[in-house]
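This report concerns only the one structure given below.
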Amino acid sequence: EIELCAGQTFDLSTIIITDLNDTDPVYTYHSTLPGDASNEVLPEVMPNDGDIYFIQGTNSYGCTDAVTIYFLYQDNPQAGGNGSRNVCNDGSTINLNTLLNGNYDTGGSWIQVNGNNINLSNPAAVNFLNIPAGNYSINYIVESTSSNCPSDTANFTINVTNRILINIATLDCKSDGTYEIKLTSNANTVTTTSGTVQKLTLDTFRIFNI
């Protein structure tokens, strides 16, 4: 029996056959027996699970003998498709298993590829508290249980963003009875349910007519 992974080919001519009578036969390859031109195949085959091939030897006297080759089919490990996710470094968690998509096998391992160390000991609840902002690459790897089949890997990009910080600098009561606030924030934009927002500098905002 020869074990192959899904989609692999095998060259029947690489099988070493010994003629015990040393008659130097010519070998041909067949899908059925008796072997003849109608069922002869090329030596390189892509078998399915349970397929059988025959190697037939014919010597100069017209005598023939054949050996039977059995193939066992093994499924490829599947890690699924790649993906991405955004997360804030404010203590938010991600269940990495929810990133898996397409056809995938469970029970794989999660490996960080780059960046500051992220604790992946519990893939179902990875905490990104205080992880520096940036893109992190994490692989999901499904190892093969057979030397014939390669392991499979899916890659996920985790975009970690800084938590939003807001600091109230001043709060003024204006003569017209409205309020005005000046604040600093690392947010790109600030919105409000009351008043008008004006961006003064890169990180300074004014909210007036409150």
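The values are calculated or read from the model by the stated rules, or taken from the named source; none is laboratory data. Since the structure is predicted, the reported quantities are computational estimates derived from the model, not experimental observations. With ideal geometry, Cβ positions are generated from the backbone for all residues, glycine too; neighbour counts draw on all protein chains shown. These accessible areas exclude ligands, DNA and RNA; they are computed on the full protein's heavy atoms, side chains included. Shrake-Rupley method; radii C 1.70, N 1.55, O 1.52, S 1.80 Å.
Before moving on, here are some points about what is shown:
- Placing unit charges on the Cβ atoms only, positive for Lys and Arg and negative for Asp and Glu, gives region 75-172 a dipole magnitude near 180 debye about its Cα centre.
- Computed about the Cα centre, the dipole magnitude for the chain is approximately 2300 debye when only Lys and Arg (+1) and Asp and Glu (-1) carry charge, each at its Cβ.
- For the chain, Cys63, Cys88, Cys173 stand unpaired, since no other cysteine beta carbon lies under 4.7 Å from theirs.
- Taking a ≥ b ≥ c as the square roots of the eigenvalues of the Cα gyration tensor, an a/c ratio of 1.5 or more together with a/b larger than b/c marks region 101-192 as prolate.
- Here the chain carries DSSP beta bridges of which approximately 80% are antiparallel, counting only pairs with both residues inside.
- Surface composition of the chain: carbon and sulfur make up 47 percent of the accessible area, probe 1.4 Å.
- Using a Gaussian network model of the chain in which every pair of alpha carbons under 10 angstrom is joined by a spring, one finds that among Gly195, Gly177, Gly62 the greatest mean-square fluctuation is at Gly177.
- Set of region 190-210 residues, backbone N closer than 17 Å to the point 7 Å along the Cα-Cβ line of Tyr179: 191-198, 205-210
- Residue-wise HN-Hα coupling along region 133-143, computed from phi with Karplus coefficients 6.51, -1.76, 1.60 (Hz; x: Gly, Pro): 4, x, 9, 10, 9, 10, 9, 9, 10, 9, 6
- Extension gain, Val113 back to Asn127 (0.36 nm per residue minus Cα-Cα distance, nm): 3.3 nm
- Zone residues, region 177-198, relative to Leu171, backbone N less than 11 Å from point 7 Å out along Cα-to-Cβ: 180-182
- Theoretical FRET efficiency, 1/(1+(r/R0)^6), r = Cβ-Cβ of Asn103 and Val41, R0 35 Å, to 0.05: 0.70
- GNM result for the chain, Cα springs below 10 Å: residue of Asp152, Asp90, Asp65 fluctuating most strongly: Asp65
- Exposed loop sites are taken as GluC sites (Glu not before Pro) in a DSSP loop (any state but H, G, I, E or B) with at most 16 other beta carbon atoms within 10 Å; the longest stretch of the chain without one runs 2-142.
- Stokes-Einstein, applied to the Kirkwood radius of the chain over Cα pairs at a viscosity of 0.692 mPa s and 37 °C, places its translational diffusion at 139 µm² s⁻¹.
- Relative to the Cα centre, the charge distribution of region 123-210, modelled as +1 at Lys and Arg Cβ and -1 at Asp and Glu Cβ, gives a dipole magnitude of about 280 debye.
- When the Gaussian network model of the chain links Cα atoms closer than 10 Å, the mean-square fluctuations of Asn135, Asn162, Asn117 top out at Asn117.
- Options Val142, Leu202, Ala66, ranked by Cα towards positive dipole end of the chain, top entry (Cβ charges): Leu202
- Per-residue SASA remark: Arg85, around 90 Å² accessible (1.4 Å probe; ligands, DNA and RNA not included).
- Stretching the chain fully between Thr14 and Asn95 yields a gain of 24.4 nm (0.36 nm per residue, less the alpha carbon separation).
- Whole-angstrom gap from region 153-210 to region 115-131, using each part's C-alpha centre: 29
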